[in-house]
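The values are calculated or read from the model by the stated rules, or taken from the named source; none is laboratory data. This one's a predicted model, so the numbers in the text were calculated from it and none came from an experiment. Note that each Cβ is placed from the backbone with ideal geometry, even for glycine, and that neighbours are counted across all protein chains shown.
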Amino acid sequence: MFASGLLAQEAAKHMRKGAFFLDLNSASPATKQQAATAVDAAGAHCVEAVNTVREAGFAPCMAEASADKQQWVAQRARAGVFNGIGKEARWQDYADRLLDDRRRSDKNDAS
C-alpha cells in the first residue's frame with residue numbers, strides 16, 4: 001500500500017464516527033479506494049479533494065497531472081517494464097527502464 005493509503009489507515013484509527021477525511025493526495029485510483037475503505041470502516045467520510053476542486057469549477061491541473069503520470073507508471077509496471085528491479089533500487093534504475101521502454105516503443109512505431 002502506498003503512503004496515502006497508509007496515512008488514511010493510521011488516521012482512521014483516531015477518527016470519530018461522522019468525521020471527514022479530506023484526501024489531498026494525488027494517487028492511483030486503487031490507492032484512493034484503499035484510503036476510502038479504511039476511512040469508511042471507521043464510520044468517517046472520505047472526501048476526494050480533486051473532485052471537490054473540480055466541482056467548484058476549477059481545473060485541478062497539478063493533482064490531475066500527477067495522478068495521470070502515476071497511472072502511466074502503474075501501466076508500465078503492469079506491462080513488466082520494472083521486472084527484476086529490487087525494492088531497494090535507485091530511482092535512476094527505474095528511470096533507465098522507462099527510457100529503454102520508450103526507445104523500444106519508438107523503434108516499433110517507426111517500423
Within the range 8-25, is even one residue part of a helix (DSSP H, G or I), surrounded by fewer than 16 Cβ atoms within 10 Å (Cβ to Cβ) and among the hydrophobic types (A, V, I, L, M, F, W, C)?
no
The condition from (1) part of a helix (DSSP H, G or I); (2) at pLDDT 85 or above that K32 misses is numbered (2)
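For every residue, the table says whether it meets (1) over 17 Å from the mean Cα position of the chain (by Cα); (2) at pLDDT 80 or above; (3) at negative phi; (4) assigned to a helix (DSSP H, G or I).
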residue	(1), (2), (3), (4)
G43	yes, yes, no, no
V53	yes, no, yes, yes
A59	yes, no, yes, no
A63	no, no, yes, yes
S66	no, no, yes, yes
Q71	no, yes, yes, yes
A74	no, yes, yes, yes
A77	no, yes, yes, yes
